[in-house]
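Below: one structure, written as C-alpha cells.
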Amino acid sequence: MLQLVSSGLVGVWLNLSGVNPSSVSPAQAITWQGLSWINPPTLVEPKIEKTIAQYLQTLKAQGLDPQQQAVWLRTDSTQLIDRNGTIPVSAASLTKTATSLAAITTWGLDKQFETIVSANGKIDRGTLEGDLVIKGGGDPLFVWEDALALAQSLNQLGIDRVSGNLLVVDKFHMNYKADPQKAGELLKQALTGINLPPALLNTDFKDVNIVKLPTAPAETTTKLPQVSILGKVIVTSEPPTGITPLIRHQSLPLIDIVRQMNIYSNNEIAQILADSVGGAEQVMKIVSTTAKFPPAEIQLINGSGLGVENRLSPRAVCQIFRTLHQTLQPANLNLADIFPVAGAEYIGTLKERHLPVGTTIKTGTLNEVSALGGVLPTRDRGLVWFVIINKGSQIAKLRQQQDTLLQSLVKEWGEVTPTPLVVTKHHRPSAYFGDPTRNIAIAPKSP
C-alpha cells in the first residue's frame with residue numbers, strides 16, 4: 001500500500017472517487033482500507049466544526065435547544081460531523097427513504113403492479129351482460145388518466161356498457177385512495193365519464209404532495225371514452241368463478257413510482273408501498289439488515305413519516321441513502337434517479353429551496369420537525385452524505401438555515417461543475433399517466 005501511495009496511484013483513485021487528493025494525507029489513505037460502513041475514522045476539520053457551531057448557535061438564538069438538533073456529515077470513508085447522529089428522532093418524511101429501500105429490495109426496480117380487468121358474463125352488441133371485475137395488485141399510482149385509458153381499452157374490446165355491477169377485489173387503489181370502496185367509486189366515475197374534474201389530476205390539484213406527470217397524447221377528438229355501468233360498486237374478497245380476463249393493466253415501473261413519491265413526498269403512495277411490503281415492522285427489518293445499522297436506530301409506525309412516533313437516527317438515514325445509491329449502480333442508475341436534484345428540477349419539495357446545485361435530497365416536515373438529507377458533491381471531499389434534523393416550529397426559517405448551511409459547506413469544500421456523473425440523473429423514457437401501452441388485452445375483441 002505504501003508503494004501505491006508513493007507511486008501516485010492513490011491520487012488517481014481519489015480523483016476518480018471525486019476527492020481532491022491534496023486534501024487527504026497518505027496515512028488517511030492507508031487507514032481507509034477495510035473500514036466498517038458505520039464506524040469510519042473522524043476527520044477533524046476546525047473550519048467545518050466552527051461552521052456547525054455557528055449553525056447551532058443561530059438555532060439557539062431562535063429559541064431552540066442545540067442539544068435537540070441533529071447533524072451528521074460523512075464521506076464514504078470518513079466521518080466529518082456527528083451531532084446526536086446515532087439517536088433515533090422524529091424524522092418526518094425522511095421515513096420515505098426507508099420505504100424506498102424496502103420496496104426496491106423486495107421487488108426490484110422494474111416491478112410493475114398488475115390490475116386485472118375481467119368480465120363476469122357475455123358481451124353482446126357492446127354490452128357486458130353481467131359484472132365488470134377489477135382485481136387490484138397494489139398499484140399505488142393509478143389515477144384519472146389511467147382509468148380513462150382503461151375505458152378506451154374496454155371500448156376497443158367492444159364494451160361500452162355494463163348491465164351489472166363493478167366488483168372490486170383485493171388491493172385496488174385509485175387517486176391515492178387505499179379504501180377499495182372509495183377507489184371503486186372513483187373508477188366508476190371515470191369509466192362513465194360523469195362529473196370528471198375540468199382538468200385531470202396532473203393539473204387540477206395544486207397540493208405539493210400530488211404527483212404531476214405528463215398525460216397520454218391527446219386524441220384528435222375531444223370525446224372521452226366511456227363505459228356506462230348500470231349497477232353498483234361492490235367490494236368482495238374473492239372474484240366470481242368462471243370469469244373471463246379482458247385486460248392486464250400494468251403500473252408504472254417501481255423506480256418511477258418511488259421517484260414520484262420522493263419528489264412530491266406523497267404520503268399515500270408511501271403507505272401503500274409499505275403495506276404491500278408487509279407493514280412498518282417488515283420495513284424496519286428489511287432496511288436495518290440491508291443498510292447495516294443497529295435495529296434500535298429505526299422505529300416506525302408507518303411508511304410515510306406522518307406522526308412523531310416515526311423515528312430514525314441520522315446515521316441510519318445516511319446508511320439508507322448510501323445503500324440505495326449502491327443498489328442502483330448495477331442498473332447504471334444512482335440516487336439522483338429516485339430523489340429530486342437541486343438545480344435540475346424545480347417541482348415538488350424543491351420549490352422555494354435554495355440548495356447548492358447538484359445536491360440530491362429528501363425533505364421531511366411535521367409541525368415541529370424540519371429534516372433534510374441526501375448527498376452533496378464537493379471538490380475537496382467528493383460526495384458528502386448529510387442528514388440534518390431540526391426540532392422546532394418555525395419551519396420556513398429552519399429550511400432557510402439548512403440551505404444556508406449546505407451553501408457554506410460547498411463554499412469551504414469547493415463546488416463541482418458540472419455535477420459529477422455519479423450523482424446526475426439519467427435520461428430515461430418519460431413515464432406518463434394514461435399510457436395505453438400499459439393496458440394489455442388478454443381477450444379477443446367482441447364481434
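Details
- Any hit, segment 415-428, residues being out of contact with any strand residue (DSSP E or B) (no Cβ under 8 Å at 6 or more places or on another chain) and closer than 30 Å to Q156 by Cα: yes
- Residue within segment 164-175 that is surrounded by fewer than 24 Cβ atoms within 10 Å (Cβ to Cβ), modelled with pLDDT of 95 or more, acidic (D, E) and within 27 Å of I286 (Cα to Cα) present: no
- Residue check for D82: on the phi < 0 side of the Ramachandran plot, touching a Pro at 6+ places or on another chain (Cβ under 9 Å), at pLDDT below 95 and among the acidic types (D, E): no
- Of the residues V317, V341, V308, the single one that is in contact with a Leu (Cβ under 6 Å, 6 or more places away or on another chain), among the hydrophobic types (A, V, I, L, M, F, W, C) and on the phi < 0 side of the Ramachandran plot is V317.
- When segment 104-156 is filtered for residues that are part of a helix (DSSP H, G or I) and among the β-branched types (V, I, T), the ones remaining, listed by number, are I104, T105, T106.
- From the list T115, T97, T51, the one residue that fits, being out of contact with any strand residue (DSSP E or B) (no Cβ under 7 Å at 6 or more places or on another chain), more than 17 Å from I395 (Cα to Cα) and touching a residue at least 60 places away in the same chain (Cβ under 8 Å), is T51.
- Test: residue in segment 212-230 that is modelled with pLDDT of 85 or more, within 19 Å of the chain's Cα centre (by Cα), closer than 29 Å to P429 by Cα and not assigned by TED's automatic domain parsing to the domain that holds S93: no
- Meets criteria (charged (D, E, K, R) and either part of a loop (DSSP other than H, G, I, E, B) or crowded, with 18+ Cβ neighbours inside 10 Å (or both)) for D76: yes
- For first residues located in segment 287-315 and more than 14 Å from T105 (Cβ to Cβ), partners that are of a type in the set (D, E) and modelled with pLDDT of 95 or more and lie 6+ apart or on another chain with Cβ distances below 6 Å form the pairs I301/E309; S313/E297.
- Checking Y264 against (1) within 30 Å of I123 (Cβ to Cβ); (2) at pLDDT below 95; (3) of a type outside the set (V, I, T), the condition it does not meet: (1)
- Given (1) of a type in the set (G, A, S); (2) in contact with a Gly (Cβ under 8 Å, 6 or more places away or on another chain); (3) surrounded by fewer than 23 Cβ atoms within 10 Å (Cβ to Cβ), number of the condition A119 does not satisfy: (3)
- Total residues in segment 342-366, condition modelled with pLDDT of 95 or more and farther than 22 Å from R74 by Cα: 2
- Some residue of segment 193-203 being modelled with pLDDT under 95 and on the phi > 0 side of the Ramachandran plot: yes
- Among the residues of segment 106-145, the ones that are in contact with a helix residue (DSSP H, G or I) (Cβ under 8 Å, 6 or more places away or on another chain), more than 27 Å from Q282 (Cβ to Cβ) and at pLDDT below 95 come to 2 in all.
The values are calculated or read from the model by the stated rules, or taken from the named source; none is laboratory data. Note that this is a predicted model, so its numbers are computed, not measured. Quick reminder, even Gly has a Cβ in these numbers, built from the backbone with ideal geometry, and neighbours come from all protein chains shown.
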